[in-house]
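Have a look at this one.
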Amino acid sequence: MVVDAPQHSGLESTLDYLSERSLAPGSLVRVPLGRRELLGIVWDRAEPSGRDLWRVRDAPATMTLRAVIEVLDALPVLPTAWRELVSFAATYYQRSPGELALAVLPPELRKLSAATLTRRLVRLRTRLAQSAAAGAVHEPAARAARPEPSAEQALALAALAADTSAAVTLLHGSTGSGMTEVFLREAERALDAGRQALVLVPEINLTPQLEARFIERFPARRVVSLHSGLAPAQRLNHWLLALLGEADLVLGTRLAVFAPLPRLGLIVVDEEHDPSYKQQEGARYSARDLAVVRGRIEQVPVLLGSATPSLESWHNALPAAAGGAGRYRRLSLASRIGGGALPTLKVVDMSRLPREQLRASPLAPPLLAALGQRIARGEQSLVFLNRRGYAPVLQCTECGWQSGCPHCSAWRVFHKLDRSLRCHHCGFAERVPRACPDCGNADIQPVGRGTERLEEQLAELLPGARVARIDADTARRSGALELALQRVHAGEVDVLVGTQMIAKGHDFRRITLVAAVNPDAALFSSDFRAPERQFALLLQVAGRAGRDAEHAAGAEMWVQTWHPQHPLYAALRRHDYAAFASSQLDERRAAGLPPYAHLALLRADARTQAVAQGWLQAVSEAGAELAQRLQVTLYSPVPLSVQRVADVERAQMLVECVSRPALQRFLSAWREVLQGKRPEQKGLLRWAVDVDPLAI
Ligand code: ADP
Ligand code: ZN
Ligand code: ZN
């Protein structure tokens, strides 16, 4: 069995229990462990993928085994392919299979006894039968209207249909090029063949829209969503429908990559480049990468789609002759549906503006004028600033006091609406002090600008304009986001201010101008992926403008920058992802960075930096010999860029190797060292390995 035991419990491998009858692998059981009763899964005798890491030990005859408490046998067993995926993920991401398997099951399952689960399944089946009798679903025929594919879509669809050997396809389509329509057609093909389709999206926010589109297209099919925003009982029901083979199409966020699907026939990963596909705690898996693995295990085609593919996927899709890995097929949709043009780029050189002007207005005069024109014409604009709150810091005009967080090495952000100072790292919040805590001066001023302040300033600078804001703060109340989006779609908003929340996916029809107010920070970040992320984000933002051919001709994207000559903006001007990718890949190759090398991060949290770094140093020394043998490079421990969060000091160490298998070999051997190594001083709180980390 594998059971729900965390990484640090030391229960790494499978456990043995007694059962009076033979149980098939994949059966769910309740078993005793110590004084607790846990959910477990009957695992395979040998790992399905033949890995030796989790050898099944022969139970010593003298040992008294404890008995299984009960078997949840109303449920079909979790399929072999599912167990294989979980085993692979556990090994690859350096976790135990039990921890990973139980983490990706719906939490509600843990609470149910065999009897309650049986009752639940009976209820679910009754409801299915009723809805089938009422003709709600599973009624054949009923086909929704669908658009005739464009020439480019037809080409892509033909290519996909012609070569059905299970493989990975990277669909590179510019924003609004009808990529989703290709997904719909491919899903239709899978469903018509009696298979299930799995569609992954990066964010919960994007599921309702897309779900509506799939439901509309497949009125005779059962479409379910799977994400962490569902009520626990609903999530369990949707998961059960997937496992029972009753759900035809499962639409979900990264955790849905583990949905058990007995009839799986297609996997789609929408916006495959999106960082949200990487889990950032526990087992730090990449759902995008696991989708590819799952496709291979289950022999089903995988479709990765993006306007700005990750450089890893792009490299995999480039033919070997072009210096790529030639692993994926690449198809592209270059033009927008309906002939909508991509917006023209207007770069404002901020270094040429007089200082007074910079102070007076967050937007340069020509940009402000352009906004005014749109408003006069009844068109909409979107102003993008990736920083929420009113101002990133408050400062005393007398003594220079700043609103630092007492628990983190970070500023607390000023939120004007509730007059609070809030730390975006640890959540620590207080009311804004009436006077400077250090010198008593009553004049404390906001420094810098977030979306809240931008909204306020724009309302002042554009009298009469209807300015609205969408960010994590305005979207906090449930339903608030939908309402705000509705207002935009209904034309009740002239200027929409927002963070990256508004950059993704939304099909705004009337926006003809988008502006990035302060996009420079990423140009000089210490994270080598920052330019890639920023380019993707800006191209996504640009993609929100001119989606309606009627207004597209004059669509513009404005960028305010102190570095107008930067190659990133040059590539953006031409909407040239390929050129940008190629220059980035050249840099990565020269620097020996992914996709030309493979990385893992070892992170340690402790009471002090010295303890965190000391522990990293110790395990580094203990692994040095093996690392050398496998040509793995262990870098020196360093503090994280935000070094202290919630009174915890954080440090990390980079592990690098040209060969992925060698890196894997090193990590699995090193794990024993990590688990055994007690810090010299007390105060090490936790550590974690992040394989293929996204943020360095
Ligand atoms: P993307 O996923 O690339 O943003 P969508 O598939 O959402 O693009 O298409 C953008 C818009 O064009 C949508 O409103 C969609 O309904 C419409 N559309 C897509 N394909 C076609 C087509 N072949 N004919 C007409 N309209 C289409
Ligand atoms: Zn002061
Ligand atoms: Zn804090």
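Scanning for something of a type in the set (G, A, S), at pLDDT 90 or above and within 26 Å of A283 (Cα to Cα), does region 28-42 turn up at least one residue?
Taking region 28-42 as the starting set, the residues that turn out to be of a type in the set (G, A, S) are 34, 40.
If we keep only those that are at pLDDT 90 or above as well, we get 40.
Now drop any that are not within 26 Å of A283 (Cα to Cα), which leaves 40.
Yes, region 28-42 contains at least one residue that is of a type in the set (G, A, S), at pLDDT 90 or above and within 26 Å of A283 (Cα to Cα).
Going by the structure shown, is E312 of a type in the set (D, E), outside any helix (DSSP H, G or I) and under 25 Å from the mean Cα position of the chain (by Cα)? Please lay out each step first, then the result.
On the way: of a type in the set (D, E): yes; outside any helix (DSSP H, G or I): no; under 25 Å from the mean Cα position of the chain (by Cα): yes.
Taking the combined requirement at face value, the residue does not satisfy it.
Looking only at region 223-247, count how many residues are open to solvent by 30 Å² or more (accessible area, probe 1.4 Å), touching a helix residue (DSSP H, G or I) at 6+ places or on another chain (Cβ under 8 Å) and either without any contact (Cβ under 8 Å) to a residue 40 or more places away in the chain or closer than 30 Å to E532 by Cα (or both).
Selection size over region 223-247: 2.
Shifting gears a bit: Can you give me the number of residues within region 64-87 that are within 30 Å of W687 (Cα to Cα) and open to solvent by less than 40 Å² (accessible area, probe 1.4 Å)?
So the first thing to find is which residues in region 64-87 are within 30 Å of W687 (Cα to Cα), and the list is 82-87.
Pick out the ones that are also open to solvent by less than 40 Å² (accessible area, probe 1.4 Å) and you get 82-83, 85-87.
Final tally of qualifying residues: 5.
Rundown of residues vs (1) of a type outside the set (A, V, I, L, M, F, W, C); (2) more than 16 Å from ligand 3 (Cβ to nearest atom); (3) touching a helix residue (DSSP H, G or I) at 6+ places or on another chain (Cβ under 9 Å); (4) in a helix (DSSP H, G or I), yes/no style:
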residue	(1), (2), (3), (4)
A612	no, yes, no, yes
A627	no, yes, yes, yes
R644	yes, no, yes, no
M653	no, yes, yes, no
P661	yes, yes, no, yes
F666	no, yes, yes, yes
R671	yes, yes, no, yes
W687	no, yes, yes, no
A695	no, yes, yes, no
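Ok, one more. Only one residue in V257, V293, V268, V250 is open to solvent by less than 10 Å² (accessible area, probe 1.4 Å), under 22 Å from V86 (Cβ atoms), outside any loop (DSSP other than H, G, I, E, B) and in contact with a Phe, Trp or Tyr (Cβ under 7 Å, 6 or more places away or on another chain), so which one is that? Lay out the reasoning, then the answer.
Details: V257 fails: in contact with a Phe, Trp or Tyr (Cβ under 7 Å, 6 or more places away or on another chain); V293 fails: open to solvent by less than 10 Å² (accessible area, probe 1.4 Å); V250 fails: in contact with a Phe, Trp or Tyr (Cβ under 7 Å, 6 or more places away or on another chain).
Testing whether each residue is open to solvent by less than 10 Å² (accessible area, probe 1.4 Å), under 22 Å from V86 (Cβ atoms), outside any loop (DSSP other than H, G, I, E, B) and in contact with a Phe, Trp or Tyr (Cβ under 7 Å, 6 or more places away or on another chain) leaves just V268.
Does G194 fit the bill of being over 25 Å from the mean Cα position of the chain (by Cα) and either in a helix (DSSP H, G or I) or surrounded by fewer than 24 Cβ atoms within 10 Å (Cβ to Cβ) (or both)?
On the way: over 25 Å from the mean Cα position of the chain (by Cα): yes; either in a helix (DSSP H, G or I) or surrounded by fewer than 24 Cβ atoms within 10 Å (Cβ to Cβ) (or both): yes.
The answer is yes for G194.
In addition: P594 fails exactly one of the following numbered conditions: (1) touching a residue at least 24 places away in the same chain (Cβ under 8 Å); (2) assigned to a loop (DSSP other than H, G, I, E, B); (3) open to solvent by 30 Å² or more (accessible area, probe 1.4 Å). What is the number of that condition?
Among (1) touching a residue at least 24 places away in the same chain (Cβ under 8 Å); (2) assigned to a loop (DSSP other than H, G, I, E, B); (3) open to solvent by 30 Å² or more (accessible area, probe 1.4 Å), the lone unmet condition for P594 is (3).
In addition: Within region 384-402, identify whether any single residue is within 27 Å of F508 (Cβ to Cβ), assigned to a strand (DSSP E or B) and either of a type in the set (D, E, K, R) or open to solvent by less than 20 Å² (accessible area, probe 1.4 Å) (or both), and answer yes or no.
So far as region 384-402 goes, yes, one or more of its residues are within 27 Å of F508 (Cβ to Cβ), assigned to a strand (DSSP E or B) and either of a type in the set (D, E, K, R) or open to solvent by less than 20 Å² (accessible area, probe 1.4 Å) (or both).
Just for region 152-187: of the residues that are more than 19 Å from A291 (Cα to Cα) and of a type in the set (D, E), which one is least open to solvent (accessible area, probe 1.4 Å)?
Among those that are more than 19 Å from A291 (Cα to Cα) and of a type in the set (D, E), it is E181.
Within region 535-575, work out how many residues are part of a helix (DSSP H, G or I) and modelled with pLDDT of 85 or more.
First pass over region 535-575, keeping only residues part of a helix (DSSP H, G or I): 535-542, 549-552, 567-573.
Keeping just the survivors that are modelled with pLDDT of 85 or more gives 535-542, 567-573.
Number of matching residues: 15.
Does region 509-522 contain at least one residue that is under 23 Å from the mean Cα position of the chain (by Cα), over 28 Å from M179 (Cα atoms), surrounded by fewer than 22 Cβ atoms within 10 Å (Cβ to Cβ) and free of Cβ contacts under 8 Å to residues at least 12 places away in the same chain?
yes
Give the residue, chosen from R434, R449, that is of a type outside the set (S, T, N, Q) and either touching a helix residue (DSSP H, G or I) at 6+ places or on another chain (Cβ under 6 Å) or within 16 Å of ligand 2 (Cβ to nearest atom) (or both).
On the way: R449 fails: either touching a helix residue (DSSP H, G or I) at 6+ places or on another chain (Cβ under 6 Å) or within 16 Å of ligand 2 (Cβ to nearest atom) (or both).
Just a single option satisfies the conditions, and that option is R434.
The values are calculated or read from the model by the stated rules, or taken from the named source; none is laboratory data. Predicted model, so just to flag it, every value in this text is computed and none were measured. Positions of Cβ are backbone-derived with ideal geometry, glycine not excepted, and every protein chain shown enters the neighbour counts. Accessible surface is based on the protein model in full, side chains and every heavy atom, while ligands, DNA and RNA are left aside. Shrake-Rupley method; radii C 1.70, N 1.55, O 1.52, S 1.80 Å.
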